[in-house]
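These notes are about the structure you will find just below.
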Amino acid sequence: MTTKKHSTKKPARKKTTTICPGARAARMPAEIHPMLATLVDDPFSDPEWIFETKWDGFRSICFINGGKARFVSRNQIEMTPQYPELHDVAKQIGAKQAILDGEIVALDEHGMPRFQLLQPRVGRKSGVDALRGKGQIVYFVFDLLYADGYDLRNCTVVERKAKLAEILRPANFIKLSEHVEGDGEAFFREIEKFHLEGMIAKRAASKYLPKRSADWLKVKTIMRSEVVVGGYTQPRGTRSYFGALVCGLYRENKLHYIAHVGGGFDERKLASIYKLMQPLKSDKSSFVDAPKTNEPVQWIKPRLVAEVKFSEWTADHRLRHPVFVGLREDKDPRDCRFEFESDTDKVVGRAAKKRKP
């Protein structure tokens, strides 16, 4: 994957003239709750579906208004100040008002997305100098929800993406997330070849819904999960700050223990995470059943979300060989719930059955 340089000459702004059949005249929404994908176990091919890259970054809704771009996370946290590189996004959109859905990604020197490169931004009020010389911030846009007086969420995803392609002028800092039609299995093999996080499958006729849906599916190349940090253990030997994060997931509004996460840290990560945990210290465990730990534990309030990779789920719902990937501030801890892979054939078949009259 590589990035291309574009001319800095300001283009003539395109007008949003073509509106899809399902568009509805409306004022620009002040808030968007993003559509989420259901996790399935295997890639598949189907002419009624399109397939996109699952970008390894932070999901963000972008509001274009008055020549300015505002970025908001999926849990409604303001992200704009952390990404000054995206200041000119509005200039690349041929609409006075628009709402985009996409992913903020950091690319390494080879043009590959690296979630770890986003970590210096976590907890900061400004992104200035956070990534100097370490990566390139790009907003990969995969959906258009509103444009110049029209709500497009009732249009199909292929209609919305066609409209998006019409008004978007790609640049180094904003790009269209391309898709392929039908052949998801071949596309997934390419995703694996480049060691990307996974693939998103979208039913071509799907409308945009503010919830998790079987019309959008995700297939991961490796096992990853967003988990809630409920405590940390004392370090052993020469380890500094803490030994492991004590993590869990919610089920029926109760936090259940799933893993000690002690791998994947360097000295800088240990120090920064330890600092974030100090104001959250608590005398009580937030887990429904406090887990046993090999070392003394300090409980914290369940406010931090970490992303971890692991080899598999055990029979008693524990993570095997978990490794820390990074912190996430774009997700509410209460949304971190048990999510096991569903059978692809059953989910796709069920969606097809619902569409029959």
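Mind listing just one residue for me: the one in the stretch 180-200 that is touching a strand residue (DSSP E or B) at 6+ places or on another chain (Cβ under 6 Å) and farther than 17 Å from Arg59 by Cβ and, of those, surrounded by the most Cβ atoms within 10 Å (Cβ to Cβ)? Ranking the candidates gives Gly184 first.
Considering only residues in the stretch 167-179 that are under 20 Å from the mean Cα position of the chain (by Cα) and under 18 Å from Phe63 (Cβ atoms), the one that is surrounded by the most Cβ atoms within 10 Å (Cβ to Cβ) turns out to be Ile174.
When the stretch 155-166 is filtered for residues that are crowded, with 16+ Cβ neighbours inside 10 Å and out of contact with any strand residue (DSSP E or B) (no Cβ under 6 Å at 6 or more places or on another chain), the ones remaining, listed by number, are Cys155, Thr156, Val158, Glu159, Lys161, Glu166. For the criterion of being farther than 28 Å from Glu85 by Cβ, of a type in the set (Val, Ile, Thr) and at pLDDT below 95, Thr233 fails.
Filtered by the rule that a residue be surrounded by fewer than 18 Cβ atoms within 10 Å (Cβ to Cβ), among the charged types (D, E, K, R) and under 12 Å from Ala37 (Cβ atoms), the stretch 201-217 gives Lys211, Arg212.
The set of residues in the stretch 164-210 that are under 23 Å from Ser225 (Cβ atoms), touching a residue at least 60 places away in the same chain (Cβ under 8 Å) and assigned to a helix (DSSP H, G or I) comprises Gly184, Phe188, Ile191.
Note on the stretch 235-321: enclosed strands (runs of 3 or more DSSP E) holding 3 or more residues that are more than 17 Å from Ser225 (Cβ to Cβ) are 297-310. For the stretch 219-240, filtered to residues that are touching a helix residue (DSSP H, G or I) at 6+ places or on another chain (Cβ under 8 Å) and over 17 Å from Val323 (Cα atoms), the residue that is surrounded by the fewest Cβ atoms within 10 Å (Cβ to Cβ) is Ser240. Got a sec? Which of Lys275, Lys346, Lys292 is surrounded by fewer than 13 Cβ atoms within 10 Å (Cβ to Cβ), out of contact with any strand residue (DSSP E or B) (no Cβ under 8 Å at 6 or more places or on another chain) and not assigned by TED's automatic domain parsing to the domain that holds Arg239? From the options Lys275, Lys346, Lys292, the qualifying one is Lys346. Glu312 - would you say it is surrounded by 12 or more Cβ atoms within 10 Å (Cβ to Cβ), at pLDDT below 90 and not assigned by TED's automatic domain parsing to the domain that holds Gln116? Answer is no for this residue.
Among the residues making up the stretch 71-112, those that are modelled with pLDDT under 95, in contact with a helix residue (DSSP H, G or I) (Cβ under 9 Å, 6 or more places away or on another chain) and within 22 Å of Cys336 (Cα to Cα) are Arg74, Asn75, Met79. When the stretch 14-38 is filtered for residues that are surrounded by 17 or more Cβ atoms within 10 Å (Cβ to Cβ) and touching a strand residue (DSSP E or B) at 6+ places or on another chain (Cβ under 8 Å), the ones remaining, listed by number, are Thr16, Ile19, Ala23, Met28, Ile32, Pro34, Met35, Ala37, Thr38.
The values are calculated or read from the model by the stated rules, or taken from the named source; none is laboratory data. Note that this is a predicted model, so its numbers are computed, not measured. Please note: Cβ atoms are built from the backbone with ideal geometry, for glycine as well, and neighbour counts cover all protein chains shown.
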